[in-house]
1. With surrounded by fewer than 15 Cβ atoms within 10 Å (Cβ to Cβ) and either part of a strand (DSSP E or B) or at pLDDT below 95 (or both) as the only criterion, which of ALA3, ALA7 stands out?
2. Considering only residues of the range 212-265 that are open to solvent by 80 Å² or more (accessible area, probe 1.4 Å) and among the hydroxyl-bearing types (Ser, Thr, Tyr), which is farthest from ligand 2 (Cβ to nearest atom)?
3. How many of the residues in the range 96-105 are away from ligand 2 (no atom under 16 Å from the Cβ) and under 15 Å from ILE66 (Cβ atoms)?
4. Given the conditions (1) surrounded by 15 or more Cβ atoms within 10 Å (Cβ to Cβ); (2) part of a helix (DSSP H, G or I), report the number of the one that ILE130 does not fulfil.
5. Can you name the strands (runs of 3 or more DSSP E) wholly within the range 32-118 that have at least 3 residues being among the hydrophobic types (A, V, I, L, M, F, W, C) and closer than 21 Å to LEU22 by Cα?
6. Working carefully through the options GLY154, GLY174, find the one that is in the same structural domain as ALA19 (by TED's automatic domain parsing) and within 16 Å of ligand 2 (Cβ to nearest atom).
7. Give the range 63-95 a look and list any residue that's within 15 Å of ligand 2 (Cβ to nearest atom) and open to solvent by 40 Å² or more (accessible area, probe 1.4 Å), or say none.
8. Between ALA210, ALA203, ALA199, which is aliphatic (A, V, I, L, M), under 29 Å from the mean Cα position of the chain (by Cα) and within 25 Å of VAL157 (Cα to Cα)?
Amino acid sequence: MSAKKIAIIGGGNLGSAIAQGLLKSGFSKAGDITVTKRNTSTLKELREAGVRIETDNDIAIREAEIIVVALKPYNVREVLQEFRGSFDPAKHILISVVTGVSIDDLEHVVPGMPVVRAMPNTAIAIQESITCIAHKHATEEQIRYIKTMFDQLGATVSIDEKLMDAATVLGACGIAYALRYIRANIQGGIEIGFDVRTASLIAAQTVKGAAELLIRENRHPEEEIDKVTTPKGCTIAGLNEMEHQGFSSSLIKGITASYNKIVKD
Ligand SMILES: NC(=O)C1=CN([C@@H]2O[C@H](COP(=O)(O)OP(=O)(O)OC[C@H]3O[C@@H](n4cnc5c(N)ncnc54)[C@H](OP(=O)(O)O)[C@@H]3O)[C@@H](O)[C@H]2O)C=CC1
Ligand SMILES: O=C(O)[C@@H]1CCC=N1
């Protein structure tokens, strides 16, 4: 598969993370990536790595083949509208990672351009994203290329577009939920005697190990929990207390609150 030039429109948190992942994976050479932003002072590291930094979206789009739009939902239509004349359906593939803006909406703004929606998370910077992909009018060849690209940046799953908001919550917001869970473990770890560095390492590596048990062995979480919960032991005592305090329920309610926020906005 030949390398294509990539423009990332909107080099903020996610746009920069995608550029970092593309570089780390070797999928793209630095010189083949352009990142755009109005205030480029935050992109110093990418610039130093050889990535092209631009304020002019028109130049970035015209010179690239893959356009990743990583703008905020509130200005994506306005920005794409301004640069609709820069797109060439015969040359460009348009990928939107924008939350809550449909393929139909975006294809209406840039007529003739098939839009693929992708929902990665910030772990894409270290090639550990889960990226959900949905499309309507893209060709099989375009989808194959996009999937190959995101496969280099973690795992991918193809979903129906109607599940994109759910994917945003579980996969993209999920990074924040998981980190808050780890942070709470660190706080607990300090309370029972560890210094913060040791508590952080133990908490983070434990979550990584738990995740790997599911990913590598394809097991159900409860099957693995059963192996840890000694009868009358300390694990079940702690777990039950967490559940009495609403642990699982608070997570489920948080996930549905995030989802409702996207759906109602
Ligand atoms: N952060 C995350 O974890 C995830 C975010 N998303 C989605 O990705 C999108 C981006 O999110 P996030 O990276 O967090 O947001 P940021 O605000 O960090 O990034 C958006 C960037 O767009 C730039 N921008 C604004 N206007 C223009 C313009 N006209 N041309 C070029 N760049 C412009 C802004 O920089 P400046 O003002 O300097 O131009 C800003 O850095 C959102 O739609 C979000 O919902 C999806 C999954 C995960
Ligand atoms: O919080 C947000 O709105 C965005 C969407 C997914 C992650 N961050």
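1. Working: ALA7 fails: surrounded by fewer than 15 Cβ atoms within 10 Å (Cβ to Cβ).
Testing whether each residue is surrounded by fewer than 15 Cβ atoms within 10 Å (Cβ to Cβ) and either part of a strand (DSSP E or B) or at pLDDT below 95 (or both) leaves just ALA3.
2. If we take residues in the range 212-265 being open to solvent by 80 Å² or more (accessible area, probe 1.4 Å) and among the hydroxyl-bearing types (Ser, Thr, Tyr), then THR230 is farthest from ligand 2 (Cβ to nearest atom).
3. Of the range 96-105, the ones away from ligand 2 (no atom under 16 Å from the Cβ) are 103-105.
Keeping just the survivors that are under 15 Å from ILE66 (Cβ atoms) gives none.
Selection size over the range 96-105: 0.
4. So the condition that ILE130 fails would be (2).
5. On the way: elements: 33-36, 52-54, 66-69, 93-96.
It comes to 66-69, 93-96.
6. Details: GLY174 fails: in the same structural domain as ALA19 (by TED's automatic domain parsing).
Unique residue meeting the criteria: GLY154.
7. Quick first cut of the range 63-95, residues within 15 Å of ligand 2 (Cβ to nearest atom) only: 69-76.
Correct list: LYS72, PRO73, TYR74.
8. Only one candidate passes the filter, namely ALA210.
The values are calculated or read from the model by the stated rules, or taken from the named source; none is laboratory data. The model shown is predicted, which means the values in this text are computed figures rather than measured ones. As a convention, Cβ positions derive from the backbone with ideal geometry for all residues, glycine included, and neighbour counts pool all protein chains shown. The protein model used for the area step is the full one, side chains on, heavy atoms only, and it has no ligands, DNA or RNA in it. Shrake-Rupley method; radii C 1.70, N 1.55, O 1.52, S 1.80 Å.
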